[in-house]
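Asks: I'd like to ask some things about the structure below.
The values are calculated or read from the model by the stated rules, or taken from the named source; none is laboratory data. Everything quoted here is computed from the prediction, not taken from an experiment. Every residue, glycine among them, receives a Cβ derived from its backbone with ideal geometry; neighbour counts consider all protein chains shown. These area figures cover heavy atoms from the full protein model, side chains too; ligands, DNA and RNA do not enter into them. Shrake-Rupley method; radii C 1.70, N 1.55, O 1.52, S 1.80 Å.
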Amino acid sequence: MCEKNERERENQNSRRPARPLSPPSSLDLFRPLFLSHPPRPFAPSLVIRRALPPNQPSNQESRETLARLKRMAGFESQDFDPLDNDVEREFRAHRTEAEYSAEEAWRWALACAIGVAMGCFAFAVDWGIDKLNDARYLRVLRAAAGGAGFWRPYLTFVSMAAAFAAVAGALVSFGEPLAAGSGIAEVKTYLNGVHIRGLLTVRTLAAKLAGVVFSIGAGLVAGKEGPFVHGGGIVGGGIGSMGSQTLTRWLPGGRRAAAPRRWGGYFRSDADHRDFVAVGTAAGVATAFAAPIGGLLFTIEEGASFYSTSIFWRGFLATGSGVLTLHALVELHDHGAARAAAAHFGRYRDFGLYADSLAFYGSRMFYYFWDVPIFCLMGVAGGVGGAAFVAANVRVTAWRARAVPPAARWRRLAEVVAVAVATATLFYLAAWSSPCLGLPAPDDLRFLEASEDADDAFYAGGGAESGARSGGGDAAGGGGGSASAPATHFPRLWCPPGQYSSAGQLALTPLSQALRLIVHLGEPLPEARQDAFSLHAPSLVFFGLACLGCMCVTNGVGASTGMFVPALAVGAAGGRLTGQGVRWVLRAFGIRLPVVSFFFRWGPESVDGKNSRGQGGGTHSYLSLFPKTQFEPRVHRRLRRRRSRELHGRRDEDDADDDGDGHGDHG
């Protein structure tokens with residue numbers, strides 16, 4: 001009987017007409033995405049292709065939506081909520097006061113260790129940049145001074161740029177793609193709750209810091225400051241958790257690379273890891289700019305989502321110890337252990353050209369009331385330039401996403417090499433075709449070339465300054481000075497003796513050294529002699545526009561690059577041009593007010609602000625906390641008295657008397 005009923009139902013179903021297939025609704029399309037256990041494999045592209053004709057706009061929107069959902073699988077959300085369950089409460093109830101004290105002590109000790117580690121990494125990066133720049137620029141300078149023509153120095157300059165760029169690009173294309181760019185946006189994303197797989201690994205750290213050395217050595221218009229933010233975050237997260245998942249995968253036998261609690265292995269939660277990553281980013285910025293307070297403020301304002309007093313003070317300990325470690329290693333590198341104990345810290349700034357005792361910042365940092373509208377106009381110009389840069393870079397980035405995707409490794413590597421070759425060619429041609437100008441007067445040249453020590457050349461990243469220091473002689477000098485003291489800031493290149501290359505002064509030198517020359521060259525000159533020297537205006541215009549254009553192309557290539565130093569260089573060129581223009585207008589009307597052109601340098605901050613706005617940030621000031629030296633060496637006292645005599649027009653009868661200062665001959 002049952003079998004008969006089943007056969008009758010089957011016959012009725014077979015006699016029913018088939019229903020026409022209707023396209024699924026939008027809810028039916030995305031319903032399998034939200035099912036915990038889909039009943040069958042889901043092929044969204046197949047459903048969309050059957051449901052909608054390919055030429056309808058809704059089809060394209062659905063494809064883009066599904067592509068975004070697929071990309072989101074590479075991200076993880078961090079759990080920053082504090083643990084609150086029965087097991088955790090029971091664990092805390094049985095902890096002793098000594099255990100709480102040990103945990104807090106480890107928090108401070110690890111913060112200090114993060115700063116020391118970043119100071120060591122910063123020194124290693126600076127040392128590598130110094131060596132690569134010396135190897136590249138000194139060969140060209142010596143070949144030009146030796147009478148070589150166009151092609152031999154050019155081929156040397158470009159081939160070394162291509163080789164260094166190939167290494168920088170290979171570290172990203174074939175090593176770790178997340179090491180590209182500055183990494184600031186990715187670190188800010190992590191600090192705000194979204195983790196990208198592979199962002200904070202040892203492999204990324206090695207590719208990031210090694211890549212930025214070769215990127216700057218290749219002459220790309222880039223800086224090290226942005227990558228130091230990313231590198232500092234990796235160092236902070238690794239030291240804070242006292243363990244590494246990458247090293248655990250590398251260790252044989254299934255052993256874990258993690259320290260026990262008695263050796264600092266307290267902080268393994270997402271919230272603790274985030275805090276130490278924030279401390280590491282502060283130490284990275286501080287060691288990049290030699291600015292402890294600035295690095296801390298950058299993290300508090302830009303990185304962390306919420307203000308935390310504990311992060312603030314531990315971050316300050318990390319930034320201070322990092323900068324102190326960097327300065328100590330530089331002194332050991334330049335003078336050895338014998339003189340390190342007597343070294344004078346705080347005399348040099350990261351982008352300074354002269355020691356503080358030679359620059360006399362206190363007597364030159366002034367402005368007139370009528371300067372304020374000019375400063376406002378400079379800010380407006382910086383904002384307009386920043387908007388133009390962002391608009392142009394968006395178009396370049398869109399083209400790069402289509403033509404040079406990250407999956408095309410060889411194409412991405414070739415782009416890095418091509419950008420480096422084009423940049424090197426542009427600046428080399430500017431130096432080759434540069435007009436030759438006469439050297440400043442010997443009395444003025446003595447102040448322009450004043451140098452108390454060689455530490456500033458190390459911070460500049462090598463190049464011409466380092467070459468003259470190491471015996472490059474006329475390779476870097478203008479040929480007008482003595483053999484023992486060549487004009488290091490006025491390169492002769494292909495000019496006749498007694499002259500220097502005005503464009504080569506900025507174009508054929510490392511970018512950080514060019515920035516220092518623009519901002520500071522001429523500071524030791526007496527106030528009465530400030531009109532005696534000005535940077536060549538056409539060379540400043542070319543340098544600013546060339547850096548701005550190269551920034552737009554370089555930002556986004558497959559190499560470890562930062563944009564802070566190029567933005568500062570562009571703003572410095574605009575600020576110096578403004579200052580020299582104001583002085584020229586005043587002199588044209590017969591006004592003899594002292595105008596110190598190199599202190600119209602707030603332009604870099606406006607351009608830096610536009611670069612930061614392009615990354616979602618704002619304008620920042622970077623300060624140094626280390627005090628000046630308390631004792632003035634004898635040579636500085638003589639220069640100060642000589643400058644005072646020139647300024648006031650009187651002679652000092654006891655010029656040879658060095659005992660009236662009250663400090664003696666040592667300090």
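Asks: For region 116-212, give the percent of accessible area contributed by carbon and sulfur heavy atoms, probe 1.4 Å, rounded to a whole number.
Replies: Roughly 67 percent, rounded to a whole number.
Asks: What does the extension gain come out to for residue 391 and residue 90, with contour length at 0.36 nm per residue minus their alpha carbon separation?
Replies: On the way: separation 301, 0.36 × 301 = 108.36 nm, distance 5.66 nm.
Using 0.36 nm per residue and subtracting the Cα-Cα distance, I get 102.7 nm.
Asks: Using the scaling law 2.2 N^0.38 Å as the reference, what is the normalised Cα Rg of region 220-292?
Replies: After normalising by residue count via 2.2 N^0.38 Å, the value is 1.29.
Asks: Testing the spin-label approximation: label points 7 Å from Cα along Cα→Cβ at residue 587 and residue 79. State their distance in nm.
Replies: The answer from the label model is 7.0 nm.
Asks: Continuing with this model, one more query. Set the Förster distance to 41 Å, then compute FRET efficiency between residue 100 and residue 339 from the Cβ-Cβ distance, nearest 0.05.
Replies: The value I calculate is 0.40.
Asks: Moving on to the next point. Calculate the FRET efficiency for residue 309 and residue 151 from the Cβ-Cβ distance with a Förster distance of 60 Å, rounded to the nearest 0.05.
Replies: 0.45
Asks: Out of 106, 141, 173, whose Cα points farthest toward the positive end of the dipole of region 99-181 (charges: +1 Lys, Arg; -1 Asp, Glu; placed on Cβ)?
Replies: Toward the positive end, the furthest listed residue is 141.
Asks: Given a Förster distance of 25 angstrom, what is the FRET efficiency for residue 369 paired with residue 537, based on the Cβ-Cβ distance and rounded to 0.05?
Replies: FRET efficiency, residue 369 to residue 537: 0.45.
Asks: Alpha carbon centre of region 520-591 versus region 104-169: separation in Å?
Replies: For region 520-591 versus region 104-169, the Cα centre distance is 24 Å.
Asks: What is the sum of charges around residue 586, taking Lys and Arg as +1, Asp and Glu as -1, for the other residues whose C-beta is under 13 Å from the C-beta of residue 586? Present the calculation step by step, with values, prior to reporting the outcome.
Replies: Numbers: positive: 583, 587, 592; negative: 371, 531.
In short, +1.
Asks: Let me make sure I get this right: for region 65-174, a, b and c are the square roots of the gyration tensor eigenvalues over alpha carbons, sorted descending. Under 1.5 in a/c it's rounded, otherwise prolate if a/b > b/c, else oblate. Which is it?
Replies: In terms of gyration-tensor shape, oblate.
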